[in-house]
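Quick notes on the structure that follows.
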Amino acid sequence: MPPIDSLVYSIGLAGVAAQAAAGVLEAGNKRFDLFGMIVVALSASLGGGSLRDLLLDRRVFWIADQSYLVTAVLAALAAFALARVMRLPARLFLLPDAIGLALFTVSGTQAALALDAPWLVASLMGVITGAFGGIVRDVLCNEVPLVFSGALYATASWAGALLLVALTTLDVAHAWSALLAGSLTLALRLAAMHFGWHLPLFRARL
């Protein structure tokens, strides 16, 4: 099993790359230029972790280690280049977004647990890390954020975060905990998109 620090680091880098690519693919539908693409990608991939670190009163992760920033820029450029040479489905961004949600949920929860945060706080840090960047991305793209109106999003993230907290409390190996929690988040998100699962919507009675 890899050491927990190496595991969290790898999951974080993978999450940054996935969300940066998702940001570019969504922004591509708005015909943004390269600079606009980079801004959206960085907001999507670094926003959630930045808010988490500010709330946990620790140094923001991509300032402490610029590898995250470099990874986000490279993933954004790669997605931008791919989109220019291939015709991609308009909603293709949903797949890397779901993967990024799962990865960030795990890394955010583990980061909070490493600071001995209470279980509820740790799980919510996982949700914030997973979902907040997507909210910023959707706002910049002038879209209603997926987390507020689409198929299960934050709910899938919270389920994975709570499972990770439970498995950690039971002293399950970190790698297995991360794999199971991330898989649950991803499976719930993909199933929700396929079957149209969502929380009850607000409808005012006239």
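The values are calculated or read from the model by the stated rules, or taken from the named source; none is laboratory data. Computed from a prediction, not measured in an experiment: that's the story for all the values here. As a convention, Cβ positions derive from the backbone with ideal geometry for all residues, glycine included, and neighbour counts pool all protein chains shown.
Data overview
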item: Among (1) over 22 Å from residue 181 (Cα atoms); (2) part of a helix (DSSP H, G or I); (3) out of contact with any Leu (no Cβ under 9 Å at 6 or more places or on another chain); (4) at pLDDT below 95 - the single one residue 76 does not satisfy; result: (3)
item: Residue 6 on the phi < 0 side of the Ramachandran plot, out of contact with any Lys or Arg (no Cβ under 9 Å at 6 or more places or on another chain), modelled with pLDDT under 85 and surrounded by fewer than 19 Cβ atoms within 10 Å (Cβ to Cβ); result: yes
item: Cβ pairs under 9 Å, 6+ apart, first in region 33-48 and over 15 Å from residue 107 (Cα atoms), second assigned to a helix (DSSP H, G or I) and of a type in the set (Phe, Trp, Tyr); result: 34/80; 37/80; 38/80; 41/80; 42/62
item: Set 124, 120: member being free of Cβ contacts under 8 Å to residues at least 12 places away in the same chain and either among the β-branched types (Val, Ile, Thr) or assigned to a helix (DSSP H, G or I) (or both); result: 120
item: Output for region 132-156, where each listed residue is assigned to a helix (DSSP H, G or I) and within 21 Å of residue 197 (Cα to Cα); result: 132, 134, 135, 138, 146, 147, 148, 149, 154, 155, 156
item: Matching residues, region 37-79, being acidic (Asp, Glu) and either under 15 Å from residue 18 (Cβ atoms) or surrounded by fewer than 16 Cβ atoms within 10 Å (Cβ to Cβ) (or both); result: 57, 65
item: Residue check, residue 179 under 24 Å from residue 7 (Cα atoms), modelled with pLDDT of 90 or more and surrounded by fewer than 18 Cβ atoms within 10 Å (Cβ to Cβ); result: yes
